[in-house]
Every structure is written in structure tokens, then in C-alpha cells.
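Here is the structure we will look at.
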Amino acid sequence: MSREYSAGCIVFKLSDKGPLFAFMLDRFGRWTFPKGHIEEGETAFAAARRELKEEVGLAEIELTTCLGKSRHSFDKNGERIDKATEWFLVRVKPEAQLKAADAAHVKAAEWLSPDEALSRLSYTDLKPLLHLANKILKSLRA
């Protein structure tokens, strides 16, 4: 079994209606968070930051916390791959705009409320991370 390592961001901004999360429609037609492979010599956060800019055009971010890792396995060209992704919760300014910057990998990008985000998130293994992000945001506002 081969291993792959990725990093990604759960991005939020604060609006009049509460927090909004950055979501993208990936090349498989699934709604998810921006993420990608960690390149040689790159830290997980540097990779997450690079992927965020490449996929949805966000460059100015503020790290809130590391949310931990998700793991899943899949088949690729007949080989089983074990993939670990390190996730970061990051904040952007309220005026930040999303754009599907990498047309080959990103079909659309939208800001979603926490409820919309939970209902649209296609990868169920990421739902606990979204719940954790919501919990952290509620504690920051308290």
C-alpha cells in the first residue's frame, strides 16, 4: 500500500449572518474544502496555503488553529493508496472573494453557512472536522 500526504484549509469569514465557509466543487463533482499534495521540502501549512491560492484564489489568510488529520484509502490504477490530510482552520477578511482559479480541478467555489456546508459536504469523513471548526468558532464568539 502506498501513502500520500496532503494538507488543506477549512476557511471561514465572518458576515452579518455569522460565519461562512469556503467550499469548492471538485473535478469529481463533490463539494469539499481546498486541499492538495504536500510537495518535497514544504511544510503542511505552506502546502495548504499554496493550494488555497491555486484552487480558490485566497492568499491573505490568518491561521486560527490546526484541526488535526483525516485519513482515507482509495484505489488508484489498481493500487491501494492510504491518504492522510492535515487540516488547518484559517480566517479571511469579510470582503474576501472566492474564484475557481484552477479550472482543471475546481468547477465552482462558494461561501456557505454552517448548515449549508454540512448538507453539501460530499466527503463524510470530513464532517467531524467541520463540526470541530464550528465548535471552535462558537467558542471564539462567546
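Nothing in this text is a laboratory measurement; each read-out follows from the coordinates by a stated rule. It should be emphasised that the depicted structure is a prediction, and the values quoted were computed from it without experimental measurement. Note that we place each Cβ from the backbone using ideal geometry, even for glycine, and neighbour counts take in every protein chain shown.
When only the Cβ of Lys, Arg, Asp and Glu is charged (+1, +1, -1, -1), the dipole of the chain relative to its Cα centre reaches about 440 debye. Taking the Cα atoms only, what angle lies between the long axis of helix 44-56 and the longest principal axis of the chain, rounded to 10 degrees? That works out to roughly 70 degrees.
The long axis of helix 127-141 is offset from the longest Cα principal axis of the chain by roughly 30 degrees.
In units of the rule-of-thumb radius 2.2 N^0.38 Å, the range 82-142 shows an alpha carbon radius of gyration of 1.28.
Shown here for the range 58-142: GluC sites (Glu not before Pro) in loop regions (DSSP other than H, G, I, E, B) with at most 16 other Cβ atoms within 10 Å, namely Glu60, Glu95. Label separation (Arg30 vs Thr124): 1.2 nm, computed from points 7 Å beyond Cα along the C-beta direction. Of the trypsin sites (Lys or Arg not before Pro) found in the range 64-142, those that fall in a DSSP loop while having at most 14 other beta-carbon atoms within 10 Å are Lys99. Take every Cα pair under 8 Å whose residues are at least 6 apart in sequence, average their separation, divide by the length of the range 65-142, and the relative contact order is 25 percent.
For the chain, the spherically averaged projection of the C-alpha convex hull amounts to 8.5 nm². Any idea how far the Cα center of the range 25-87 sits from the one of the range 103-135, in Å? Centre-to-centre distance over Cα atoms comes out at 13 Å.
Non-local lysine pairs in the chain, meaning eight or more places apart or on different chains, with alpha-carbon distances under 12 Å, amount to 5.
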